[in-house]
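The values are calculated or read from the model by the stated rules, or taken from the named source; none is laboratory data. Here the structure is a predicted model, which is why all the values come from computation and not from measurement. So basically every Cβ, Gly included, is an ideal-geometry build from the backbone, and we count neighbours across all protein chains shown. For accessibility, only protein heavy atoms count, side chains too; no ligands or nucleic acids. Shrake-Rupley method; radii C 1.70, N 1.55, O 1.52, S 1.80 Å.
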Protein chains: 2
Amino acid sequence: MHKQPPGSVSPAKRQIKEVKETKITINCVTFPLPGEGPEQQLLKPDEWSYCDYFWTDRKDPQGTTLVTGFEVLLQKQLKGKQLQKEMAEFIHERIKIEEEYAKNLSKLSLSPLAAQEEGTLGEAWTQLKKSLHDEAEVHLKFSNKLHTEVEKPLLTFRGDNFKKDLKKYDHHIADLRKQLASRYASVEKARKALADRQKDLEVKTQQLEIKLSNKTEEDIKKARRKSTQAGDDLMRCVDLYNQTQSKWFEEMVTTSMELEKLEVERIEWIQQHLRQYTTLRHETDMFNQSMVEPVDQLLQNVDPAKDRELWVKENKTGDVRPVDMDI
Amino acid sequence: MHKQPPGSVSPAKRQIKEVKETKITINCVTFPLPGEGPEQQLLKPDEWSYCDYFWTDRKDPQGTTLVTGFEVLLQKQLKGKQLQKEMAEFIHERIKIEEEYAKNLSKLSLSPLAAQEEGTLGEAWTQLKKSLHDEAEVHLKFSNKLHTEVEKPLLTFRGDNFKKDLKKYDHHIADLRKQLASRYASVEKARKALADRQKDLEVKTQQLEIKLSNKTEEDIKKARRKSTQAGDDLMRCVDLYNQTQSKWFEEMVTTSMELEKLEVERIEWIQQHLRQYTTLRHETDMFNQSMVEPVDQLLQNVDPAKDRELWVKENKTGDVRPVDMDI
């Protein structure tokens with residue numbers, strides 16, 4: 001920043017000092033050039049925070065449009081919503097598989113195969129068949145819990161309001177960028193107007209010196225006044241620009257921190273619910289194992305002697321033994 | 001049994017002694033009448049042994065044909081063979097259900113749903129999906145073992161030879177009954193022949209006393225000789241009958257004991273293999289539970305900060321912050 005208002009010094013005099021460019025404005029946002037100006041420390045060192053890494057725009061992967069850093073952050077949240085929906089879909093598919101399995105086991109448990117086996121062996125066999133129904137119940141319970149404790153939450157976490165909120169952020173930041181672009185346009189316009197006024201002053205001054213025209217001192221004063229005014233205009237425009245950029249900067253920091261927090265919450269929420277999935281899996285296997293206990297018990301009790309007693313009592317034809325015939 | 005050969009005493013004299021019937025022959029087998037003769041102790045007390053309870057024939061459930069006690073025992077063994085086949089079929093159905101379940105889980109594990117989740121959360125999700133394939137492998141292993149250790153043995157236990165052996169027993173015992181029937185027919189025939197001879201003798205003796213005919217003492221001696229011979233014949237037939245019945249009795253005891261042993265073996269063999277089923281079920285649930293461990297581990301390691309670092313490094317657009325524009 002020069003101490004003297006730009007308009008009051010003639011361009012010729014100004015050009016003697018070499019002006020080193022230390023900043024660059026890209027897409028209406030002003031950055032220091034590499035190696036110029038005071039070194040910037042990260043706002044949140046060691047945190048890889050969103051507010052530190054998304055200041056520049058970039059080309060989208062196709063290379064066709066310009067994407068702001070903020071839009072990259074926003075896309076991530078929208079993507080997250082899509083991913084949670086896909087996870088819900090996956091869980092839904094698991095639920096269908098479990099229901100099919102349960103249905104098949106239940107159906108088979110009603111089978112009359114070997115129903116005619118009797119005694120202690122028959123009891124054990126009957127319980128074995130029944131255990132399939134018990135297993136089916138376990139898997140059905142698993143699928144029901146998967147539905148209420150994992151799938152449904154994944155579907156309803158951050159409902160429709162979430163997208164609306166994201167859109168609000170999007171529009172808010174985009175509006176500030178538009179304002180910034182508008183302010184920048186004004187700066188450029190003022191800069192050009194100043195250049196024109198300075199050129200005019202210079203021409204008129206030269207003309208006076210070589211007595212080329214009948215321009216009076218009066219004209220030169222007028223030209224100088226206009227030049228000074230243009231300089232003031234430019235300063236005002238630059239001020240407004242910097243204010244608007246600061247405003248955008250603050251909002252960027254605040255909002256990107258908000259998105260960062262949302263992402264942390266998203267990851268932790270999903271982690272929690274996937275742990276619920278593994279808990280249910282554990283439970284299921286444990287319940288399933290216990291369904292085999294009664295079968296084991298009855299199999300241990302299988303007793304051929306007992307079964308013979310039961311069967312013989314039921315089916316004997318006669319216990320009187322033959323004797324020799326008398327004459 | 002009378003001490004005197006039957007043929008030598010005239011029927012008249014015999015009839016004076018009241019003959020109390022103490023035995024009865026049913027279907028050519030001779031039994032003591034209830035309450036008659038020495039009390040019979042069970043051959044194998046407290047064992048409910050086949051050899052004690054299947055001496056009589058009975059009507060079949062439809063009431064149309066006669067079924068021997070031995071055939072009841074034989075039917076039980078044949079039934080047992082059918083039941084083991086039905087058990088194998090049941091296990092086969094379970095195997096199919098497991099294979100279907102495994103196939104579905106494996107297919108779902110390959111799903112690209114939420115594959116775009118990154119970082120530690122993405123790793124945990126990837127492992128969760130993979131765990132379905134691991135579960136599928138466990139169930140496939142279960143079904144394979146069910147096939148080799150339960151189904152196949154049930155199908156091949158006591159192959160075709162078993163039925164042949166049973167048929168041999170069947171024919172052997174049936175032949176002995178046929179022989180017995182044949183011997184009994186001879187007894188009946190001899191008994192009738194004796195009655196005829198005795199009647200003849202009586203008639204001739206009466207005729208002599210009333211001097212009705214010109215029959216001589218010679219004729220009576222001849223009639224008496226024939227009667228005695230008929231009595232000897234009867235005794236011989238009864239002897240042969242009793243021998244044959246004893247033979248059948250012995251074979252009945254031996255063979256029914258064999259069938260009893262076969263039944264004990266059948267029950268114990270099936271018990272053993274069904275216990276193999278429950279063992280495999282236990283194993284399966286335990287392996288299945290362990291498939292969830294790695295998922296649990298990765299879920300515990302989910303770290304939003306780490307994921308942010310990874311993502312930001314990959315996706316940042318620029319870390320140089322905007323500065324005020326100079327004039």
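Quick notes on this one:
- Sole residue being within 9 Å of chain B (Cβ to nearest Cβ), open to solvent by 80 Å² or more (accessible area, probe 1.4 Å) and under 30 Å from the mean Cα position of the chain (by Cα), chosen from A:Lys59, A:Lys76, A:Lys96: A:Lys96
- Check on B:Arg191, touching a residue at least 40 places away in the same chain (Cβ under 8 Å), open to solvent by 70 Å² or more (accessible area, probe 1.4 Å) and over 41 Å from the mean Cα position of the chain (by Cα): yes
- Those residues of the range A:1-25 which are modelled with pLDDT of 75 or more and either open to solvent by 80 Å² or more (accessible area, probe 1.4 Å) or among the basic types (Lys, Arg) (or both), in sequence order: A:Lys20, A:Glu21, A:Lys23
Rundown of residues vs (1) more than 30 Å from B:Asp307 (Cα to Cα); (2) in contact (Cβ under 8 Å) with a residue 24 or more places away in the chain; (3) open to solvent by 30 Å² or more (accessible area, probe 1.4 Å), yes/no style:
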{"site": "A:Leu180", "(1), (2), (3)": "yes, yes, no"}
{"site": "A:Lys204", "(1), (2), (3)": "yes, no, yes"}
{"site": "A:Glu263", "(1), (2), (3)": "no, yes, no"}
{"site": "A:Glu268", "(1), (2), (3)": "no, no, yes"}
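- Residue within the range B:114-123 that is open to solvent by less than 50 Å² (accessible area, probe 1.4 Å), without any contact (Cβ under 8 Å) to a residue 24 or more places away in the chain and not in a helix (DSSP H, G or I) present: yes
- Scanning the range A:230-259 for residues that are at the interface with another protein chain (Cβ under 7 Å from one of its Cβ atoms) and not β-branched (Val, Ile, Thr) returns A:Leu234, A:Met235, A:Tyr241, A:Asn242, A:Gln245, A:Phe249.
- Some residue of the range A:250-260 being open to solvent by less than 40 Å² (accessible area, probe 1.4 Å) and among the hydroxyl-bearing types (Ser, Thr, Tyr): yes
- In the range A:287-310, residue farthest from B:Ile24 (Cα to Cα) [restricted to those that are open to solvent by 20 Å² or more (accessible area, probe 1.4 Å) and within 7 Å of chain B (Cβ to nearest Cβ)]: A:Gln289
- Residue among B:Glu250, B:Glu188, B:Glu149, B:Glu258 that is assigned to a helix (DSSP H, G or I), charged (D, E, K, R) and within 30 Å of B:Arg94 (Cα to Cα): B:Glu149
- A residue that is open to solvent by 60 Å² or more (accessible area, probe 1.4 Å), more than 9 Å from every other protein chain (Cβ to nearest Cβ), over 23 Å from the mean Cα position of the chain (by Cα) and touching a residue at least 24 places away in the same chain (Cβ under 8 Å) can be found somewhere in the range A:100-108.
- B:Thr284 under 26 Å from A:Thr279 (Cβ atoms), surrounded by 15 or more Cβ atoms within 10 Å (Cβ to Cβ) and more than 8 Å from chain A (Cβ to nearest Cβ): yes
- Against the test of being over 30 Å from B:Val72 (Cβ atoms) and out of contact with any helix residue (DSSP H, G or I) (no Cβ under 9 Å at 6 or more places or on another chain), the options B:Glu202, B:Glu209, B:Glu250 yield a single qualifying residue, B:Glu209.
- Residue satisfying all of: in the range B:112-130; over 18 Å from A:Gln272 (Cβ atoms) and hydrophobic (A, V, I, L, M, F, W, C); farthest from the other protein chains (Cβ to nearest Cβ) among these: B:Ala115
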